[in-house]
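What follows is a short report on a single structure.
The values are calculated or read from the model by the stated rules, or taken from the named source; none is laboratory data. Computed from a predicted model, the values in this text were never measured in an experiment. Cβ sites come from the backbone with ideal geometry, for glycine too, and all protein chains shown count toward neighbours.
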Amino acid sequence: MITPTVVSLEPVLAAGAIALVIIGALAALLLGNAIKRLAGLLIAGFGAIAALAALGASDGALIIGVAVLFAQTAIGVALVVRLQEAYGAVDASDIDAADADSDVQDRAL
Amino acid sequence: MSAAYIDLARAHAPLLLIVMPLIGAALMLVSGPARLSWFVAGLVASAGAFVAVDFALGALTGAQPVAAVGVMLHVDGIGAFAAALLAVVAALTIWGAGATLKDSGGAAAPLALALMLCVTAGWTGALLAGDLGSIIAAVETAWLAGVGLVAVNASRDRAALNGALRMLSLGGVGFALMLLGAALFARAAGTSSMESLALARIEAPGLASAGAALMILGLAVKAGVAPLHAWGAAALGRSTSMVTFGVGALGMLGALAAMSRVAGYVMAAPEIGEGIQAALAGLGGVSVVVGSVQAVGARNLLRLTAYAGVSQAGCVLLSLALGSPAGFAAALVQLVAFAAAALALYGGASAGRVQTVAMLDGYAQRAPLASTAITAGALSLMGAPLTIGFLGRWRLVEAGVGAGWWWAAGLIIIASLAGVFYGGRLIERMYFRRANSAYAGEGGVWRVALGPVLVAAIATIAWGLAPGGLLRAATSASLMLGGISP
């Protein structure tokens, strides 16, 4: 007779959540487009919240995570809009090049 | 009757320390003109500093009982010491920012002051929070307020938006790491409450080590520790005094203090202590070297100060890595040294609206008091004898050699030699070169706003000459890592 084995989903869920954090963090750090960076932050944040849930954290901790992620997204979207208005671009390479030009002009004064 | 209220306020001082700046921030939004907002913010921050110092003195000497103020707060030695330091620095920075209020734009100044108060409340909350989740919430409150403070500066210079975006990206990753770390650590320790953590039995040391390392890494991002400091130069390089004070001095100090507190708890567990020590020592060593090299090459004074802060943060991490009460006491002394030097340098530079090193030429003739402040800050960053910077590094060398960490002593010497180079360059330009531009700072009565900067400059020397009280307070705080009993 085969006895059923008890399998816990917890390690699988936790591993998936950690993978989300890693993918999101890499996207937020390495991608040039500000909107993609913001998406990366959201993925990393949701991954961390999923890890909290998978590891049995309290409701309070989950609410803190969601609230902070919401605040980050709101500020991030506002920044992206202002970047587009100020630079006419949301790509890090364009923005850095514009700032470098300003630095050169400042030094020349 | 009033004595009863004072006793009640003293018993609930930790809560007041968090609530007062938040009430002050709310007042900023209705207080109208920039000058009035500044005055109100200064009063609120001064009251907070008074309460914090009184609370820390009472708590560290055991004279004042600490009330149990609910499940959210937990007072320990590092928290009490650093909260008082943070409150004093907040008061000095807000009063010091008075002369250059209009740099932020008249309408934006109250908002910038409100965000500075939110930064103070957030980091104070992180120092007094009762569980890991609350620490993360408080850290993010402070960090996002810092991002906002940098972004407000965009009305003057659009580069501030780039700095704010970098802060948001790196800080957001730091948040995810901290949250993940807290989840792993709490699972391994069976609790996330600071009160229970000190005595917790770690059931899965590998999980706990990973969690603690992630939390410390997340905080290291916020503290601007190399190589995680990419936001610093972008956020501070072309900023106003509000931003340099609020993010460069207050923010970095708060993050380093919060990291010291978290390290104190996680290193108390013998199962994971050695791994965390190695991680802190590695980060600290890299930060000392990278910060020193970047400061030597910097042409922008604000960036130079930020990089010097990265090097100083490395010294704090090396002190923490020792894991002993002597190491934690050395870290607290270094926090005081960092705060005083940052205030003196940023304040001295912002008084004359100096941004590049070249603008310092002949500065001593144009602004002798501001130059004195910069000199004191530079000497402290070098670790010159008779300054608080020397005292902090000496305590680290003493504790490091005692533990057989000769390499740490070598790194401190490298940091000091680099400090002689970049600090000496500032002094040479101020005193031995001809002025190439007129004084751009405020004149008349607003020169009074230089007062807090001079207080910081005097403190760097005074505590170097008579460090007894400071050393006793740091030692007491380091012996109360697990908490102060009610």
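If A:D94 passes every condition in (1) buried (at least 20 other Cβ atoms within 10 Å of the Cβ); (2) in contact with a Phe, Trp or Tyr (Cβ under 9 Å, 6 or more places away or on another chain) but one, which one does it miss?
(1)
Take the residues in the range A:66-80 that are at the interface with another protein chain (Cβ under 10 Å from one of its Cβ atoms) and without any contact (Cβ under 8 Å) to a residue 24 or more places away in the chain, then tell me which one is nearest to B:I136 (Cα to Cα).
Checking each candidate, the answer is A:V68.
Conditions tested, residue by residue: (1) among the β-branched types (V, I, T); (2) closer than 20 Å to B:G419 by Cα.
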residue	(1), (2)
B:S350	no, no
B:R353	no, no
B:G362	no, no
B:G377	no, yes
B:S380	no, yes
B:A384	no, yes
B:I388	yes, yes
B:L391	no, yes
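Would you confirm, using the coordinates I've provided, whether B:V333 is buried (at least 24 other Cβ atoms within 10 Å of the Cβ) and in a loop (DSSP other than H, G, I, E, B)?
Here the answer is no, as B:V333 does not meet what is asked.
If I ask for residues that are surrounded by 15 or more Cβ atoms within 10 Å (Cβ to Cβ), touching a residue at least 24 places away in the same chain (Cβ under 8 Å) and over 20 Å from B:L343 (Cα atoms), which ones from the range B:385-417 would you list?
Result: B:R395, B:L396, B:A399, B:G400, B:A403, B:W405, B:A408, B:L411, B:I412, B:I414.
Of all the residues that make up the range B:149-161, how many are more than 7 Å from every other protein chain (Cβ to nearest Cβ) and closer than 22 Å to B:W123 by Cα?
Looking only at that region, the number is 4.
Please tell me if B:V225 is assigned to a loop (DSSP other than H, G, I, E, B) and touching a helix residue (DSSP H, G or I) at 6+ places or on another chain (Cβ under 7 Å).
Yes; evaluated as a whole, the condition is true for this residue.
Can you work out which of the residues in the range A:11-46 that are more than 10 Å from every other protein chain (Cβ to nearest Cβ) and touching a strand residue (DSSP E or B) at 6+ places or on another chain (Cβ under 8 Å) is modelled with the highest pLDDT?
Here the answer is A:N33.
For the range B:342-367, which positions are more than 21 Å from the chain's Cα centre (by Cα), hydroxyl-bearing (S, T, Y), over 11 Å from B:L426 (Cβ atoms) and assigned to a helix (DSSP H, G or I)?
none
Only one of (1) more than 30 Å from B:A358 (Cα to Cα); (2) within 17 Å of the chain's Cα centre (by Cα) fails for A:A54. Which number is that?
Only one criterion is unmet by A:A54, namely (2).
Identify all residues within the range B:163-189 that are under 13 Å from B:D131 (Cβ atoms) and free of Cβ contacts under 8 Å to residues at least 40 places away in the same chain; write none if there are none.
B:A183 - this is the single residue of the range B:163-189 that is under 13 Å from B:D131 (Cβ atoms) and free of Cβ contacts under 8 Å to residues at least 40 places away in the same chain.
With the requirement that a residue be in contact with a helix residue (DSSP H, G or I) (Cβ under 7 Å, 6 or more places away or on another chain), closer than 19 Å to B:L320 by Cα and in a loop (DSSP other than H, G, I, E, B), what does the range B:233-268 give you?
Of everything in the range B:233-268, just one residue is in contact with a helix residue (DSSP H, G or I) (Cβ under 7 Å, 6 or more places away or on another chain), closer than 19 Å to B:L320 by Cα and in a loop (DSSP other than H, G, I, E, B), namely B:M267.
Taking B:L207 and the conditions (1) more than 10 Å from chain A (Cβ to nearest Cβ); (2) under 27 Å from A:A27 (Cα atoms); (3) surrounded by fewer than 22 Cβ atoms within 10 Å (Cβ to Cβ), which numbered condition does it fall short on, given that it satisfies the others?
(1)
Results for (1) in contact with a Gly (Cβ under 6 Å, 6 or more places away or on another chain); (2) part of a helix (DSSP H, G or I); (3) more than 8 Å from every other protein chain (Cβ to nearest Cβ), shown as yes or no for each residue.
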position	(1), (2), (3)
B:A97	no, yes, yes
B:D103	no, yes, yes
B:T141	yes, yes, yes
B:G163	no, yes, yes
B:L168	yes, yes, no
B:G172	no, yes, no
B:L177	yes, yes, no
B:A183	no, yes, no
B:L199	no, no, yes
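Just give me the residues in the range B:126-137 being part of a helix (DSSP H, G or I) and more than 15 Å from B:M252 (Cα to Cα), in sequence order.
B:L128, B:L132, B:G133, B:S134, B:I135, B:I136, B:A137
What's the number of the condition B:A220 fails, among (1) within 12 Å of chain A (Cβ to nearest Cβ); (2) under 19 Å from B:L280 (Cβ atoms)?
Among (1) within 12 Å of chain A (Cβ to nearest Cβ); (2) under 19 Å from B:L280 (Cβ atoms), B:A220 violates only (1).
Please specify each residue of the range B:124-139 satisfying the condition of being under 16 Å from the mean Cα position of the chain (by Cα) and away from chain A (no Cβ under 11 Å).
B:T124, B:G125, B:A126, B:L127, B:L128 - these are the residues of the range B:124-139 that are under 16 Å from the mean Cα position of the chain (by Cα) and away from chain A (no Cβ under 11 Å).
Looking at this structure, is B:A351 closer than 16 Å to B:R447 by Cα, in contact with a Gly (Cβ under 7 Å, 6 or more places away or on another chain) and surrounded by 24 or more Cβ atoms within 10 Å (Cβ to Cβ)?
For B:A351, the condition - closer than 16 Å to B:R447 by Cα, in contact with a Gly (Cβ under 7 Å, 6 or more places away or on another chain) and surrounded by 24 or more Cβ atoms within 10 Å (Cβ to Cβ) - is met.
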